Amino acid sequence: MRHLLTTEGMARAEIESYLDDADEFVDVLARPIPKVPALRGKTVATLFFEPSTRTKMSFDKAAKALSADTVSFSPGTSSLKKGESLKDTVLTIEAMGLDLIVVRHEATGAPWRVAAWASVPVVNGGDGAHQHPTQALLDSLTLRRRFGGRRGGLDGLRIGIVGDIRHSRVARSDIHAFTALGADVTLVAPPTLLPLDTTGWPVVTAGTLDDVLPELDAVYVLRVQAERGGASVFPSFAEYRSRFGMTADRLRRLKPDAVVMHPGPMIRGVEIDAAVADDPRCLVLDQVANGVAVRMAVLFQLLGGTRGDASRPVERPAERVLVGGEQ
Ligand code: NCD
């Protein structure tokens, strides 16, 4: 059984194979009918125990673009409220006949528990401050398409990850994926927002953004995770912004072809200025768009879709009538 739980220890070839498939799905998504029959008859379940806008919708959209059915679980209106355990919730929904589970949970390690109980592939949609592997794949795809074109890695690219690294599952996943693909990663944060121990992490650290700004090819800006205590470890948002915010002035001091990224949700005026968020060099919406293609690649590979089906268009006459177009 193949799961996708972490980028830690992932081989470069494995990451590249997801990205290569995702490149093909970017093309599929650009078609008039952005849908292929690769996973027809399969059902993907999303179990999100934490809030999400883009990740959950992105998995839904990816499953539907592969012609899979989707079911989703909302903890607020579920039997969790009556005391049902995570294990019974997983076994119950699995008994309905699911083929893959995407789980997001505030507890580190929860997707590993789900993978141990379930008899279907499990994808980690984010666990605590630990891992968020599909975010790392979509970020890698976005950088590769911007700097390297299709195929290959991120060799020689200098990426600065800025902000609340301590509470960020995105940073933990990105560091492994970016460095496995050949990039150099610098963490930029106040000491209170760095992990207590980064021994063994394949990174260097910098205490101020201004020191490294002119050398970076990509500035990856993180949200201060107030819900995990991130906002309580510096004096004020104004002070944070003055030293670590991606301001319009700092955008002007970047290399001309450097880019700004953010996993969303962005808090404009804190970690990123509105003018930077809206600038064409900010790739946040490319990241969201690439996220659908990456999740298609993940669902496709974990559910063993057959290669020939990956890009064959759907040929259901009813759909042609409904959208009024031909491929
Ligand atoms: C991130 C997350 O939930 O880990 N968002 C996302 O999935 N795009 C980052 C965040 O919440 O700041």
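The values are calculated or read from the model by the stated rules, or taken from the named source; none is laboratory data. Predicted, not measured: the structure shown is a model, and the values here were computed from it. Neighbour counts run over all protein chains shown; Cβ positions are idealised from the backbone, glycine included. We work out accessible area using only protein heavy atoms, side chains counted, and drop any ligands, DNA or RNA first. Shrake-Rupley method; radii C 1.70, N 1.55, O 1.52, S 1.80 Å.
Using the Cβ-Cβ distance between SER119 and THR53 with R0 set to 35 Å, the FRET efficiency works out to roughly 0.70. Between helix 12-29 and the chain there is an angle of about 70 degrees, using the helix long axis and the longest principal axis of the Cα atoms. Calculated over the chain, the projected area of the Cα convex hull averaged across directions stands at 17.4 nm². With a cut-off of 8 Å between alpha carbons and a minimum separation of six or more residues, what is the relative contact order of the chain in percent? Reported as a whole number, the value is 23 percent. Applying 1/(1 + (r/R0)^6) with r as the Cβ-Cβ distance of ALA274 and ASP69 and R0 = 56 angstrom yields a FRET efficiency of 0.90. Sort the stretch 108-260 into rounded, prolate or oblate with this rule: let a ≥ b ≥ c be the square roots of the eigenvalues of the Cα gyration tensor; rounded if a/c is under 1.5, and if a/c is not under 1.5, prolate when a/b is larger than b/c, oblate otherwise. Oblate shape, in that a/c is at least 1.5 and b/c is the bigger or equal ratio.
Ligands, DNA and RNA left out, the 1.4 Å accessible surface of the chain is 53% carbon and sulfur atoms. Spin-label model, ASP257/ALA11: points 7 Å from Cα along the beta carbon direction are separated by 3.1 nm.
Relative contact order for the stretch 101-220 using alpha-carbon pairs under 8 Å, separation at least 6, rounded to a whole percent?
Numbers: 209 pairs, mean separation 26.8, N = 120.
Dividing the mean separation by the residue count of the stretch 101-220 yields 22 percent.
Computed over protein heavy atoms with a 1.4 Å probe, the accessible surface of the chain works out to 41 Å² per residue.
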